[in-house]
Amino acid sequence: MLNFSKINVLIIYLLFTFVALFSFLNLQNDKNQLINKKINLGLDLQGGSYLLLEINSDNLVKEKIQSKVIPTKKLLKENEIKFNNFKINDDNLSLSIDNLEKFDILFNSRKNNLVNPYIDNYRSHELEYTKINKNQIKISFSKFGLLTINNSALKQSIEIVRRRIDDVGTKEPTILQRGEKRILVELPGLKDPERIKALLGKTAQLNFRLVSDNNEFGTDELISENGEKLNISKRIIMSGENLIDAQPSIQNQNNEPTVSFTLDRLGAQKFGRVTTDNVGKRLAIVLDGEIVSAPNINEPITSGNGMISGSFTFQEATDLALLLRSGALPTPLIVVEERTVGPDLGEDSIKSGITSLIVGFILVILFMLYKYKIFGLIANTALIANLLMLIGVLTILEATLTLPGIAGIILTVGMAVDANVLIFERIKEELKTEKSIIHAFDSGYTRAKITVLDANITTLIAAIILFAFGSGPVKGFAITLGIGIITTLFTAYFLARHLTSLVVLNIKNKEINI
Amino acid sequence: MTNYNFSSKFKHANTFSVILFFISIILIVFKGLNYGIDFKGGTLIELRANNIEASSIRDVLKNMDLGDVNVKKFGKEGDFLIKVEQKGNNNKLIPEIKKNLSDSLNSDVNFRRVENVGPKVSAELLQSGIIAISLSLAAMLFYIWVRFEWQFSIGSILALFHDVMITLGIFSLLSLEINLSIIAAVLTIVGYSMNDTVVIYDRIRENLGKFHKLNISEIANLSINETLARTIITSVTTLLALFSIFILGGEILRGFSFAMILGVLIGTYSSIFVAAPILKYFKVSYKTIEKEEEKIVP
């Protein structure tokens, strides 16, 4: 075990140098270096906001099932299937029909099925029906129908969230899908996420609807911005989808902040027609079910440009314009988890993390020197090499360093010497029975090998499981702990062994103290 | 090599361990664990403000009808940690609390950390924490079963279970907070304690092959003594690193490092006084490992 061929030695030191050199890349500040790799700091160290958003597709399901009412009735009428007791429930339609067999064939046909489309990639229909009793059935979305609704809502939400966050202009945001219903948002450097949360918390569904004179069927009673009760027609003249741009502006007459918008061609036509036909009436601008303002239509607006006023502050006008530009979210988003760390706490954490790393490191080094003298020096050299390699690997992987991650490095320092301690203690034992020092060292290394491996693999297993199940900062701990074990094995078994062999082979068979 | 007579103390140690183990379970079941917001849901705010008292923060929050509110000093003078138990998702709660505190306290308030975990997420985090610990125990069981014999595998798992339960028992006794980093600590303890146990087991297996005349208690005693120096040195270096984190690593890592310190102490104890003597009850002898060798080399 103490014999190294020249080529082996070369490989060991080249590998070490290569990996260790990467650790120094973290010292450079210049971004235009040849190799631009660095350890990323986690949000808990650099400060910033972590948000986990969840979509709620219940409303969407309700809307979608309602949109099935007319096609279903049409299908039944066209095919002369009599039905009654037609009810619209939250997530299903229930009805009684007289010819279930015929309905079944129509409902489950694969071609040109307008009521219940067949989804090819899931090999399933969008809807399914269940028999409640003899001729009463319940139509609801199939598992895959729900999945399709959910997935498209999630994809769309991610897109809108990205647009809104980009529009606010935070640096390097991360926006990722998490599971089936969630969106993870990381905003480094953001001190106060309240504005972003407010922007993401609004679906921003904008409608233009006429104010009706009476409370006849087909109107909603809404409260206007100045407390007036208004009956608003349910018919949507135009929605936010027709907007191509929105900008905050200041109205010249009274310096009031407003939002001016531009409509697409279709929107401009619709808007022109309605404003022409309804001069003198009031038009309500409804955002997420609340009236923003309900101005009088003084003259036809055919240019496709309009303005929303509603006693905004300039900030509110800016945010509303941003929301309208980015488009409406398909469903409301709820913040289910939020973690924000201020920049000064991050700095404090780095400071205390580094301080405890240095102190822990020095204590371990002194202890090993005291305990093993010259071989302690070898173990310590291996420990420093280990630390450089660990940081090097983290740099190569561009891993994210968190506060628990720093703790993982310190812990690695404490536990890394174990491999060398195991070996040295074994050699001590071998020296008692073995006359040749070289033999004693040799068999010490051989015999300790299995134990060192076994002992480290157990910790590695724990680190892997922690990586798989941990979240955020804890994952950072698992990464440093896991990589630390691998660099520990390398430095103990190659570097330290080679250094030991140099010492042992040089002193030959003189007295040796370990 | 040391020559302590550990085997004479095995009996007392076993009784001691069993008692501690059951006290821990009783504590965990009846007193319960003090879950942090990660697992219970709620809001946590760390703030820094000069010349204010915890009581004045409490007074401000008392008027907000927030349910259970906990305010305590956190590390340095002027640093406070507020925990608010809150049900359901209310996106406006945090800005309201922040505004009320900024307005009412006669001092500049620096919100250093704000965390909010909804009830659904906290339930999931707790679940994945429990799965992670169970899975790590199962993985260790499997690894030792592959590398050693089943007796060793059961012995090491019992020792691990002992370590985890007693650590959690102490956390329950002292009402220390259980959060995500404590789960990380427990998993690391599992790894560390296993590491310690494996070293002794390795030696026991080796000695079983060497000394056919000794019984398992004598073998265990011999093996523990042979590896004792290593056991102590590694514990010392690990503890040096951990105490450095505990004292200098800041408030956030304190719970984590405390759990690890407990775990290293208990894990070292259990490797010697639980994992090794337990083999006696499985009637481990040199025949156990011979059988295994026959199996491998037919």
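With respect to the conditions (1) more than 10 Å from chain A (Cβ to nearest Cβ); (2) surrounded by fewer than 18 Cβ atoms within 10 Å (Cβ to Cβ), B:Ser128 lacks only one, and its number is (1).
Residue selection: A:Ile391 fails the criterion of being more than 7 Å from chain B (Cβ to nearest Cβ) and surrounded by fewer than 20 Cβ atoms within 10 Å (Cβ to Cβ). Pairs meeting the criteria (first residue in region B:16-27 and closer than 12 Å to B:Asp163 by Cα, second residue surrounded by 18 or more Cβ atoms within 10 Å (Cβ to Cβ) and hydroxyl-bearing (Ser, Thr, Tyr), beta carbons under 9 Å, at least 6 apart or on different chains) are B:Ser17/B:Tyr269; B:Ser17/B:Ser270; B:Ser24/B:Thr167; B:Ser24/B:Ser172. Within the set A:Ile105, A:Ile7, A:Ile88, the sole residue that is farther than 30 Å from A:Lys191 by Cβ, out of contact with any Phe, Trp or Tyr (no Cβ under 9 Å at 6 or more places or on another chain) and surrounded by 13 or more Cβ atoms within 10 Å (Cβ to Cβ) turns out to be A:Ile88. Somewhere in region A:47-57, is a residue closer than 30 Å to A:Ile139 by Cβ and touching a helix residue (DSSP H, G or I) at 6+ places or on another chain (Cβ under 6 Å)? Within region A:47-57, one or more residues are closer than 30 Å to A:Ile139 by Cβ and touching a helix residue (DSSP H, G or I) at 6+ places or on another chain (Cβ under 6 Å). Counting only residues that are aromatic (Phe, Trp, Tyr) and not in a loop (DSSP other than H, G, I, E, B), region A:211-261 holds 1 of them.
What do you reckon, is A:Val259 closer than 30 Å to B:Gly118 by Cβ and crowded, with 19+ Cβ neighbours inside 10 Å? Break it down stepwise before answering.
Values: closer than 30 Å to B:Gly118 by Cβ: no; crowded, with 19+ Cβ neighbours inside 10 Å: yes.
No.
Residues of region A:183-199 that are within 9 Å of chain B (Cβ to nearest Cβ) and closer than 21 Å to A:Ala328 by Cβ: A:Lys197, A:Ala198.
Taking into account only those residues within region B:174-225 that are over 16 Å from the mean Cα position of the chain (by Cα) and β-branched (Val, Ile, Thr), which is farthest from the other protein chains (Cβ to nearest Cβ)? I'd like the intermediate steps shown before the answer.
Of region B:174-225, the ones over 16 Å from the mean Cα position of the chain (by Cα) are B:197-225.
Pick out the ones that are also β-branched (Val, Ile, Thr) and you get B:197-200, B:204, B:216, B:219, B:224.
On the way: B:Thr197: 8, B:Val198: 5, B:Val199: 6, B:Ile200: 10, B:Ile204: 12, B:Ile216: 20, B:Ile219: 16, B:Ile224: 13 Å.
Taking the candidates together, the pick is B:Ile216.
For A:Leu222, the conditions (1) touching a strand residue (DSSP E or B) at 6+ places or on another chain (Cβ under 7 Å); (2) among the hydrophobic types (A, V, I, L, M, F, W, C); (3) modelled with pLDDT of 85 or more all hold with the exception of (3).
Being surrounded by 15 or more Cβ atoms within 10 Å (Cβ to Cβ) and away from chain A (no Cβ under 14 Å) is a condition met by at least one residue of region B:68-80. Within the option set A:Gln177, A:Gln156, being assigned to a helix (DSSP H, G or I) and either modelled with pLDDT of 90 or more or buried (at least 20 other Cβ atoms within 10 Å of the Cβ) (or both) holds for one residue only, A:Gln156.
When you scan region A:72-85, do you find a residue that is closer than 30 Å to B:Pro119 by Cα, surrounded by 14 or more Cβ atoms within 10 Å (Cβ to Cβ) and hydrophobic (A, V, I, L, M, F, W, C), even just one? The answer is no; no qualifying residue exists. Can A:Ile70 be described as part of a helix (DSSP H, G or I), within 29 Å of A:Thr491 (Cα to Cα) and without any contact (Cβ under 8 Å) to a residue 60 or more places away in the chain? No.
Check A:Ile437, A:Ile450 and return the single one that is modelled with pLDDT under 90 and facing chain B (nearest Cβ under 10 Å).
Working: A:Ile437 fails: facing chain B (nearest Cβ under 10 Å).
Going through A:Ile437, A:Ile450 in turn, the sole match is A:Ile450.
In region A:359-382, of all residues being within 11 Å of chain B (Cβ to nearest Cβ) and crowded, with 24+ Cβ neighbours inside 10 Å, the one that is farthest from the chain's Cα centre (by Cα) corresponds to A:Met368. So, A:Leu329, is that one surrounded by 19 or more Cβ atoms within 10 Å (Cβ to Cβ), assigned to a helix (DSSP H, G or I) and either hydrophobic (A, V, I, L, M, F, W, C) or more than 21 Å from the chain's Cα centre (by Cα) (or both) or not? The answer is no for A:Leu329.
Let's see how each residue does on (1) more than 9 Å from every other protein chain (Cβ to nearest Cβ); (2) more than 25 Å from A:Ser471 (Cβ to Cβ); (3) surrounded by fewer than 24 Cβ atoms within 10 Å (Cβ to Cβ); (4) touching a strand residue (DSSP E or B) at 6+ places or on another chain (Cβ under 9 Å):
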| position | (1), (2), (3), (4) |
| --- | --- |
| A:Thr395 | yes, no, yes, no |
| A:Leu401 | yes, no, no, yes |
| A:Gly408 | no, no, no, no |
| A:Leu422 | no, yes, no, no |
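The values are calculated or read from the model by the stated rules, or taken from the named source; none is laboratory data. From a predicted model like this one, the values you see are computed outputs, not experimental measurements. Cβ atoms come from the backbone with ideal geometry, glycine included; neighbour counts cover every protein chain shown.
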